[in-house]
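A.B. asks: Dumping the structure here so I can ask a few things about it.
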Amino acid sequence: MASAHTLGWEVLGFIDGYEGLLSPVNYKILTLENTQGIMPSGGTIIGTTNRGRFVAKQGLGEKALIPQPIIDEAKKTLQDLGVRALICIGGDGSLTTADQLFENGVSVVGVPKTIDNDLSATATTFGFDSAVQCVADALDRLHTTAASHKRVMVLEVMGRHAGWIALYGGLAGGADVILIPEIPFSYERLAAHVEKRMSSGAASTLIVAAEGASPMGQGVSTLEGATKGEVRLGGIGAQVAYEIGERTKRETRTVVLGHLQRGGAPTTQDRNLGTRFGVGAVQLIQEKKFGCMVSYLNYQIGAVTIKEAVGQIKHVPPDGQMVVTAKAVGINFGT
Ligand code: F6P
């Protein structure tokens, strides 16, 4: 195993993701000097976008073809610069684009990066653990204020159509109720559970609601301002607080954690995962395993095809060990 640096490879970082491949071509040569010290930084030093001219995925599973002239221009840029392989780092949308570039003859390898942890064929993606940490920190803070005022607190968290962030963050932060997209809930049962807790002396009730969670038979809550066909999820936290307040007459409050989950220093687990994925991606290039993505399975970095990873969203199994464990310690799922 080796890093690009130890192999003597030159590494170009295209600015703003795939957009940097198009005129005016924009990249930065990444060296040890200009990347030193970035480990504790959130975000990315080369920018990112999956909303530009390369959008290959719209909404839940709908594929959009990237126009051929765009693909041809990107290929020409790579050829002119003598780029031997393109490492695409991102979630479902960015890796769907990567796969289309691969199908068009570009030597692509993928690295799974999304806080949502919703990519198939990998146990985890980097960014996820840091988002979970942020949720647990928020719950730690909410516990004391909720208990002081004997309130019901609803914390709305990200994750799109998967409940991983809510489930892992909620369990780590001692939530009393977790609502996830994979387990549709009932307002009646949720309110009954909250009332039972509060009337039997609980100082507070903390509810974590995934932004994609929804009551049985109803669709997801969305916000204004869809971009390129991707709906913006949000609003379920306020809705849950309102419905519980109406039914129980208890004081309820909502916190939307939002983009705080996407900033700040990464956890040690994400730092190590990112480094391992980086070395793994270099190995895929050495072995010419193009069209593949590094994955993390059974504590090992391995390779899967990008197609396997983006084919379908990885949902929380409703009867899986994490949900069963949460139920075992008394966490309610609104059912
Ligand atoms: O996919 C990552 C994610 O943070 C989702 O959890 C969330 O729904 C979405 O992106 C928010 O996107 P934006 O930053 O465009 O509002």
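Every number in this text was worked out from the coordinates using simple rules, so none of it is lab data. Being a predicted model, the structure only gives us computed values, none of them experimental. Cβ placement follows ideal geometry from the backbone for every residue including glycine, while neighbour counts extend to all protein chains displayed.
A.B. asks: Two decimals is fine: what is log10 I(q)/I(0) at q = 0.14, 0.20, 0.31 Å⁻¹ for segment 194-245, from a Debye sum with one equal scatterer on every Cα and no solvent?
C.D. replies: The computed values of log10 I(q)/I(0) come out as -0.48, -0.78, -1.19.
A.B. asks: Which length gain, in nm to one decimal place, applies between ASP140 and MET216 when the Cα-Cα distance is subtracted from 0.36 nm times their residue separation? Intermediate results must be reported in sequence, preceding the final value.
C.D. replies: Numbers: separation 76, 0.36 × 76 = 27.36 nm, distance 2.94 nm.
So the chain would gain 24.4 nm between ASP140 and MET216.
A.B. asks: If you don't mind, another one. Over the chain, what is the percentage of antiparallel beta bridges among all DSSP beta bridges, to the nearest 5?
C.D. replies: 40 percent
A.B. asks: First obtain the Kirkwood hydrodynamic radius of segment 108-156 from its Cα pairs, then insert it into the Stokes-Einstein equation at 10 °C and 1.306 mPa s, and state the resulting D in µm² per second as a whole number.
C.D. replies: Translational diffusion coefficient: 123 µm²/s.
A.B. asks: Sticking with this structure for a sec: Within 10 Å of each candidate Cβ there may be at most 12 other Cβ atoms; applying that plus a DSSP loop requirement, which chymotrypsin sites (Phe, Trp or Tyr not before Pro) in segment 168-246 survive?
C.D. replies: Counting only loop positions with at most 12 other Cβ atoms within 10 Å, none of the chymotrypsin sites (Phe, Trp or Tyr not before Pro) in segment 168-246 qualifies.
A.B. asks: If one computes the Cα centroid of segment 273-308 and of segment 138-162, what distance in Å separates the two points?
C.D. replies: 36 Å
A.B. asks: Per-residue ellipticity at 222 nm for the chain, helices alone: DSSP H runs ≥ 4 residues times -39500 (n - 2.57), over residue total, nearest 500 deg cm²/dmol?
C.D. replies: When only DSSP H runs of four or more count, the value is -11000 deg cm²/dmol.
A.B. asks: When a footprinting reagent is the concern and you count Cβ atoms within 10 Å, what order do THR305, THR96 take, fewest first?
C.D. replies: THR305, THR96
A.B. asks: Using a 10 angstrom cutoff on alpha carbons, build the Gaussian network for the chain and name the most mobile of LEU21, LEU260, LEU139.
C.D. replies: Looking only at LEU21, LEU260, LEU139, the biggest GNM fluctuation is shown by LEU260.
A.B. asks: So, R0 is 51 Å and r is the distance between the beta-carbons of LYS327 and VAL279; what FRET efficiency does that work out to, to 0.05?
C.D. replies: For R0 = 51 Å, the calculated efficiency reads 0.85.
A.B. asks: Please work out the Kirkwood hydrodynamic radius for the chain, using every pair of different C-alpha atoms, and report it in angstroms with one decimal place.
C.D. replies: Computed over the chain, the radius equals 21.2 Å.
A.B. asks: Of all beta bridges DSSP finds with both residues in segment 35-159, what is the antiparallel percent, to the nearest 5?
C.D. replies: Working: 2 of 8 bridges.
Just about 25 percent of them are antiparallel.
A.B. asks: Another question, if that's okay. State the antiparallel share, in %, of DSSP beta bridges confined to segment 130-263, rounding to the nearest 5.
C.D. replies: Looking only at bridges with both residues in segment 130-263, the antiparallel portion is about 15 percent.
A.B. asks: Hey, another quick one. Quick one: among PRO40, PRO266, PRO24, which has the greatest mean-square fluctuation in a GNM of the chain with alpha-carbon springs under 10 angstrom?
C.D. replies: PRO24
A.B. asks: Have a look at VAL194, VAL220, VAL231 and report the one farthest towards the positive end of the charge dipole of segment 130-263, computed about the Cα centre with Cβ charges (Lys/Arg +1, Asp/Glu -1).
C.D. replies: Comparing the listed Cα positions along the dipole, VAL194 ranks first.
A.B. asks: Assuming 0.36 nm per residue, please report the length gained on full extension of the stretch LEU260 to THR48 beyond their Cα-Cα distance.
C.D. replies: This chain segment gains 74.6 nm when fully extended.
A.B. asks: Going down the list LYS76/LYS314; LYS75/LYS314; LYS196/LYS249; LYS113/LYS288; LYS28/LYS76, which pairs span over 24 Å between their C-alpha atoms?
C.D. replies: From LYS76/LYS314; LYS75/LYS314; LYS196/LYS249; LYS113/LYS288; LYS28/LYS76, over 24 Å: LYS76/LYS314; LYS75/LYS314.
A.B. asks: Now for a separate question. Over the chain, with a Gaussian network built from C-alpha contacts below 10 Å, which listed residue (VAL323, VAL135, VAL109) shows the highest mean-square fluctuation?
C.D. replies: VAL323
A.B. asks: Related question: At a temperature of 20 °C and a viscosity of 1.002 mPa s, determine how fast segment 130-263 diffuses translationally according to Stokes-Einstein, using the Kirkwood radius over alpha-carbon pairs as Rh; express D in µm²/s, rounded to the nearest whole number.
C.D. replies: It diffuses with D of about 146 µm²/s by this estimate.
A.B. asks: Rounded to the nearest 0.05, what FRET efficiency is calculated for ALA192 and LYS150 with R0 set to 25 Å and r the Cβ-Cβ distance? Write out the running numbers ahead of the final one.
C.D. replies: Values: r = 18 Å, r/R0 = 0.73.
FRET efficiency, ALA192 to LYS150: 0.85.
A.B. asks: Compute the longest continuous run of the chain that contains no exposed trypsin sites (Lys or Arg not before Pro); treat a site as exposed when its DSSP state is not H, G, I, E or B and it has at most 11 other Cβ atoms within 10 Å.
C.D. replies: Here the longest run is 85-248.
A.B. asks: Determine, from the Cβ-Cβ distance of THR268 and HIS5 and an R0 of 25 Å, the FRET efficiency 1/(1 + (r/R0)^6), rounded to the nearest 0.05.
C.D. replies: So, using R0 = 25 Å, E works out to roughly 0.70.
A.B. asks: If you don't mind, another one. Please identify the helices of the chain, taking whole runs of DSSP H, that span at least 15 Å along their own axis as judged from the Cα atoms and have a mean Kyte-Doolittle score of -0.5 or higher. Don't jump to the answer; show the numbers that get you there.
C.D. replies: Numbers: long enough: 68-81 (20 Å, -0.66); 92-103 (16 Å, -0.37); 128-149 (32 Å, 0.11); 187-199 (17 Å, -0.90); 236-248 (18 Å, -0.08); 268-286 (27 Å, -0.21).
Helices meeting the criterion: 92-103, 128-149, 236-248, 268-286.
A.B. asks: On to the next question. Describe numerically, in nm with one decimal, the distance between label points set 7 Å from Cα along Cα→Cβ at ILE38 and at ASP80.
C.D. replies: It is 2.4 nm.
A.B. asks: I've got another one for you. Tell me, HIS149, HIS259, HIS161, HIS315 in order of fewest to most beta-carbon neighbours within 10 Å? List each step's numbers first, then the result.
C.D. replies: Numbers: HIS149 13, HIS259 8, HIS161 21, HIS315 16.
So the residues, fewest neighbours to most, are HIS259, HIS149, HIS315, HIS161.
A.B. asks: What's the exposure ranking of HIS143, HIS5, going from fewest to most Cβ atoms within 10 Å?
C.D. replies: With the fewest neighbours first, HIS143, HIS5 line up as HIS5, HIS143.
A.B. asks: Hey, could you get me the Stokes-Einstein D for segment 238-335, Kirkwood radius over alpha-carbon pairs, 37 °C and 0.692 mPa s, rounded to whole µm² s⁻¹?
C.D. replies: D, rounded to a whole number, is 183 µm²/s.
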